[in-house]
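The values are calculated or read from the model by the stated rules, or taken from the named source; none is laboratory data. None of the values given here were measured: they were computed from a predicted structure. Virtual Cβ from ideal backbone geometry, glycine too; neighbours counted across all protein chains shown. Quick note on the areas: whole protein, heavy atoms, side chains included, nothing else; ligands and nucleic acids left out. Shrake-Rupley method; radii C 1.70, N 1.55, O 1.52, S 1.80 Å.
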Amino acid sequence: MPEAEPVTERDGGTGRASAPSGEGTGQQHDPTDRGHFGPYGGRFLPEALIGALDELAAEYDKARQDPEFGERFDDLLANYAGRPSLLTEAPRFAEHAGGARIFLKREDLNHTGSHKINNVLGQALLTKRMGKTRVIAETGAGQHGVATATACALLDLDCVIYMGEVDTERQALNVARMRLLGAEVVPVNTGSRTLKDAINEALRDWVTNVDTTHYLLGTVAGGHPFPVMVRNFHAVIGEEARRQILDATGRLPDAVAACVGGGSNAIGIFQGFRDDPGVRLVGVEAGGHGIDSGAHGATLTSGSPGMLHGARSYLLQDDDGQTIEAYSISAGLDYPGVGPEHAWLKDTGRAEYRYATDAEAMDAFQLLSRTEGIIPAIESAHALAGALRLGQELGAGSLIVVNLSGRGDKDMDTAAKYFGYVDDHGTGGRS
Amino acid sequence: MSGLDAVFAAARSEQRGSLIGYLPAGYPTLEGSIELIGAMIDGGVDLVEVGVPYSDPVMDGPTIQAAAGTALRNGFRLRDVFTVVESVAARGGHAVVMTYWNPVHRYGVDAFARDLAAAGGHGLITPDLIPDEAEEWLAASAAHELSRTFLISPSSSRARIERAAGASTGFLYATAVMGVTGARDQVGAGAAELVGRAREVTDLPVGVGLGVRSAGQAAEVASFADAVIVGSAFVSRADSGTRAVRDLAAELADGVRAPSAGEARPSGLR
């Protein structure tokens, strides 16, 4: 398969092109054999891990063509995770969106409360297939960690979760959940003590214990085959959403919106619509305190190409190639990198990326709660904020699907403080 | 014969292993790192591995992570690595640079190679760049006559070792254990086996790193490898100043000359 020419300039590769695609519906838009999406992706990791990545890629390819694996995965999705998730119209919320109709893809209703369960079930099954007995994972908000601990409990795998110390404080309840599920949670106190450093620490563990251990990466980043494999485990989101919106409205949406940290929920829903040229694919990044403030996680909006955690993609970096720490009120979007396929979708123009600030996301968080009785994850609230603006732009009669990637229970502490619902003692406060 | 070939040839002619010492540029400060590296050369290292402090060093254990963090907080800029390399050359030493790939990618691969060669550096060791992804570096290193050292690990298949050896020039870097950098009481038992597997496919000198901290370990490694690479132990010793670093270099230099270092006989020459 031909490799695309490397992009040598920061904004190169703006011409439209499509990634090489394989045979059959499951392999549409696959990267090259070496995991390249145009100039992005690949493997920028220590040689010590290449054998494990090769083994994983080979096992995944076999599993993908094995009907038994597919049946087992589908069965877990249906009878354990609770798929298909609903597609819910949000008419009262949409009144604030310029007359657009808005539908929510309810990944918040999955077991463990987010889309993350799709990928962890797939990878946990693969771990068993490979005969490995120990799983490690990173987590930011705690959703991937909880999902991983859940799958490990279900499938009898040892589980160690690396979590930045800052995040263990922001998401203390999720730490307790993971421990209840039998996982060991290791607070990471190096670097920025957030998701980026949790991934570094997980990679160090993996280099040391690769014979027995599978690194169950939680997003579409990392070295090949993680970006394509994680995407494909989440593709069910888009497949369902496309079918459901056609059933509900008889037509395809004008736009699909999803939040983007590493980008797994976004790529999952985009996958269902990327061959429908009339559907705009809109990723919404974390604008934090605003791009000009420097305190944000808007990697595709304001980053530049480089390598982080095993793949070439966009990242937040300084002139010397040192990673710049990201910021977001949402722990799950607080990441200075992004999956390589998103970089390629941006450069080719198939998807567009914008951002919502903390304030915009929290407005949308409260608005959805009060108009629809659905408390979204703050991550997903970024997508909702993006949809409100898209609705204004697209106008009356337009149709938008938002990926509601997770539920907001885990965020109540942050939200209660943000809105002043509790006083300093954690009780009472203004109404 | 490139500068690096001459370094290994000199040690071989004395029937001993080479000693490669690592310290990060800019640790604890730029001036401090130049002095510490000077002390390492005075103590007898054959080749200096100048590290580039990086924000996300996934191959490094706590010691080198902490040193990188200190260097960055104290204002290390990437171009400072060339100042350090120049200082090594000015002292009559030899230097290669060990760096994660993103800083080089950001600087521009060809520009980095050009400036490294101009500073008198011999080449690069690239812990997170595998030959499969190294097209730009293969071209730049050829254009600027720099050596390329790729890594092999106990988990590498024969095909992967062939690939790394085929793409490397100067020397090949064998990581003794599965894991990150850091001084260990024992060098992995798999190290000798890995060097043996490398020897089946290449005539390049093979250096062994990850975990060596004592003269005894240096002697043991020198009994089966061409070069002994010491990193974290030097970084730890740097806290105690230049004399301590020079003393460690001298101890290790004795180690690679010890009678137990395989067939190598102590030459008594320096």
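Normalised by the number of residues in segment A:221-315, what is the relative contact order in percent for Cα pairs under 8 Å and 6+ residues apart?
Computed over segment A:221-315, the figure is 27 percent.
In Å, what is the Rg of the alpha-carbon atoms in segment B:1-46, and how long is Dmax?
Expressed in Å, the Cα Rg and Dmax of segment B:1-46 come to 12.9, 37.
Find the accessible area per residue for segment B:28-96; the probe is 1.4 Å, ligands and nucleic acids are left out, and the unit is Å².
33
Can you work out ³J(HN,Hα) from phi for every residue in segment A:288-301, in order, using Karplus 6.51 cos²θ - 1.76 cosθ + 1.60 and θ = phi - 60°, giving whole Hz and x for Gly and Pro?
Once θ is set to phi - 60°, the couplings for segment A:288-301 become x, 8, x, 4, 5, 6, x, 9, 7, x, 8, 5, 6, 6 Hz.
Apply the a/c threshold of 1.5 to the C-alpha gyration tensor of chain B and tell me whether it is rounded, prolate or oblate.
Judged from the Cα gyration tensor, chain B comes out rounded (a/c under 1.5).
Determine the dipole magnitude for chain B: charges of +1 sit on the beta-carbon of Lys and Arg, -1 on that of Asp and Glu, nothing else is charged, the reference point is the Cα centre, and the result goes in debye to the nearest 20.
Value, rounded to 20: 300 debye.
For segment B:1-157, would you read off the P(r) tail past 20 Å as a percentage of all alpha carbon pairs?
I get 48 percent for the Cα pairs in segment B:1-157 exceeding 20 Å.
If you take the alpha carbon radius of gyration of segment A:158-301 and divide it by 2.2 N^0.38 Å, what ratio comes out, to two decimals?
Rg over 2.2 N^0.38 Å, computed on Cα atoms: 1.24.
Of A:A151, B:A71, A:S405, which is farthest along the charge dipole of the protein assembly as shown in the positive direction, counting Lys and Arg as +1 and Asp and Glu as -1 at C-beta?
Going by the Cα projections, it comes out as A:A151.
Taking Cα pairs under 8 Å and at least six residues apart, what relative contact order does segment A:91-197 come out at, in percent?
22
Under the Cβ-under-4.7 Å rule, which cysteines of the protein assembly as shown stay unpaired?
Lone cysteines by the Cβ rule: A:C259.
What is the distance, in nm, between label points placed 7 Å from the Cα along the Cα-to-Cβ direction at A:R92 and at A:D409?
Roughly 2.2 nm, to one decimal.
List the accessible area buried at the contact between B and A, summed over both sides and calculated with a 1.4 Å probe, in Å² to the nearest 100.
The contact between A and B buries close to 3000 Å².
Please list the three semi-axes, largest first and in whole Å, of the ellipsoid equivalent to the protein assembly as shown, using sqrt of 5 times the eigenvalues of its alpha carbon gyration tensor.
Semi-axes from the Cα gyration tensor: 48, 25, 23 Å.
What would the Debye equation give as log₁₀ I(q)/I(0) for segment A:108-178 at q = 0.13, 0.17, 0.28 Å⁻¹, counting only Cα atoms as equal point scatterers?
-0.34, -0.57, -1.27
With n ≥ 4 as the cut-off for DSSP H runs, can you work out [θ] at 222 nm for chain A, using -39500 (n - 2.57) per run divided by the number of residues, rounded to the nearest 500?
After summing the helix terms and dividing by residue count, I get -12000 deg cm²/dmol.
In segment A:338-431, carbon and sulfur make up what percent of the accessible area (probe 1.4 Å)?
For segment A:338-431, the apolar C and S fraction of the accessible surface comes to 49 percent.
Take every Cα pair under 8 Å in chain A that's 6+ residues apart, average their separations, divide by the length, and report that relative contact order as a whole percent.
20
Using alpha carbons only, what's the Rg to Rh ratio of segment A:272-336 with Rh from Kirkwood?
1.05
Could you calculate the FRET efficiency of A:D276 with B:N74 from 1/(1 + (r/R0)^6), where r is the beta carbon distance between them and R0 is 45 Å, rounded to 0.05?
Computed FRET efficiency for A:D276 and B:N74 comes out at 0.25.
Measure off, as a whole percent, the carbon and sulfur share of the 1.4 Å-probe accessible area of chain B, all protein chains present.
The computed percentage sits at 48.
Calculate, for segment A:259-305, the solvent-accessible area per residue in square angstrom, rolling a 1.4 angstrom probe over the heavy atoms of the protein chains.
Each residue of segment A:259-305 exposes 24 Å² on average to a 1.4 Å probe.
Put +1 on the Cβ of each Lys and Arg and -1 on the Cβ of each Asp and Glu in the protein assembly as shown; which of B:I34, A:L300, A:G98 then has its Cα farthest toward the positive end of the dipole?
Of the candidates, A:G98 comes out farthest on the positive side.
Can you say what percent of the DSSP beta bridges in the protein assembly as shown, counting only those with both residues inside, are antiparallel? Round to 5.
20
Please turn the phi angles of segment B:237-248 into ³J(HN,Hα) values with the Karplus equation 6.51 cos²θ - 1.76 cosθ + 1.60 (θ = phi - 60°), one per residue in order, whole Hz, x for glycine and proline.
Karplus-based 3J(HN,Hα) across segment B:237-248 equals 5, 4, 4, 8, x, 5, 4, 5, 5, 4, 5, 4 Hz.
For segment B:129-178 and segment A:277-292, write down the distance between their C-alpha centroids in whole Å.
Answer, in whole Å: 39.
What distance in nm separates the two pseudo spin-label positions at B:D5 and A:N189, each 7 Å out from Cα along the beta-carbon direction?
5.1
Go through A:I291, A:G339, A:T371 and say which Cα lies farthest out towards the positive end of the charge dipole of segment A:282-431; charges sit on Cβ, +1 for Lys and Arg, -1 for Asp and Glu.
So the residue furthest toward the plus end is A:T371.
Only counting protein heavy atoms at a 1.4 Å probe, give the residues of segment B:48-68, ordered by number, whose accessible area falls by 20 Å² or more when the other protein chains are present relative to the chain alone.
When all protein chains are present, B:Y54, B:S55, B:D56, B:V58, B:M59, B:Q65 each give up 20 Å² or more of accessible surface.
Treating only the Cβ of Lys, Arg, Asp and Glu as charged (+1, +1, -1, -1), what charge dipole size does the protein assembly as shown show about its Cα centre? Round to the nearest 20 debye.
440
What ³J(HN,Hα) values, in whole Hz, does the Karplus curve 6.51 cos²θ - 1.76 cosθ + 1.60 give for segment B:12-17 when θ = phi - 60°, with x put for Gly and Pro?
Using θ = phi - 60°, the values come out as 4, 5, 8, 6, 9, x Hz.
Determine the calculated [θ] at 222 nm for chain B from helices alone, applying -39500 (n - 2.57) to every DSSP H run no shorter than 4 residues and normalising by the residue count; nearest 500 deg cm²/dmol.
Mean residue ellipticity at 222 nm (helix-derived): -13500 deg cm²/dmol.
Which lysines, on any chain, are close to A:K62 with Cα under 18 Å apart, when same-chain ones fewer than 8 places away are left out?
A:K128, A:K132
For segment B:93-137, list whatever residues lose no less than 30 Å² of accessible surface once every protein chain is in place, relative to that chain by itself, with the probe at 1.4 Å.
B:N102, B:H105, B:R106, B:D128, B:I130, B:D132, B:E133
Taking only protein heavy atoms and a 1.4 Å probe, what accessible area per residue, in Å², does segment A:27-170 have with all protein chains in place?
That works out to 33 Å² for each residue.
Determine the residues within segment A:319-337 where the difference in accessible area between the chain on its own and the full set of protein chains amounts to at least 50 Å²; count protein heavy atoms only and use a 1.4 Å probe.
The answer is A:D320, A:Q322.
With springs only between Cα atoms under 10 Å apart, run a GNM on chain B and tell me which of B:V221, B:V104, B:V195 wobbles the most.
B:V104
With the full set of protein chains in place, find how many percent of the accessible area of segment A:164-256 is carbon and sulfur; take the probe as 1.4 Å.
Carbon plus sulfur share of accessible area: 50 percent.
Anyone know which of B:G179, B:G17, B:G207 comes out most mobile in the 10 Å Cα GNM of chain B?
B:G179
For A:Q317, which sequence-distant residues (separation of 5 or more, or a different chain) have an amide H within less than 5 Å of its own amide H, given hydrogens modelled in the peptide plane?
Here the answer is A:S304, A:I324, since their amide H atoms fall under 5 Å of that of A:Q317.
Give me the orientation-averaged projected area of the Cα convex hull of segment A:39-138, in nm², one decimal.
That works out to 10.1 nm², a quarter of the Cα hull's surface.
Considering every Cα-Cα pair within segment B:104-229, what fraction, in whole percent, is farther apart than 23 Å?
Roughly 34 percent, rounded to a whole number.
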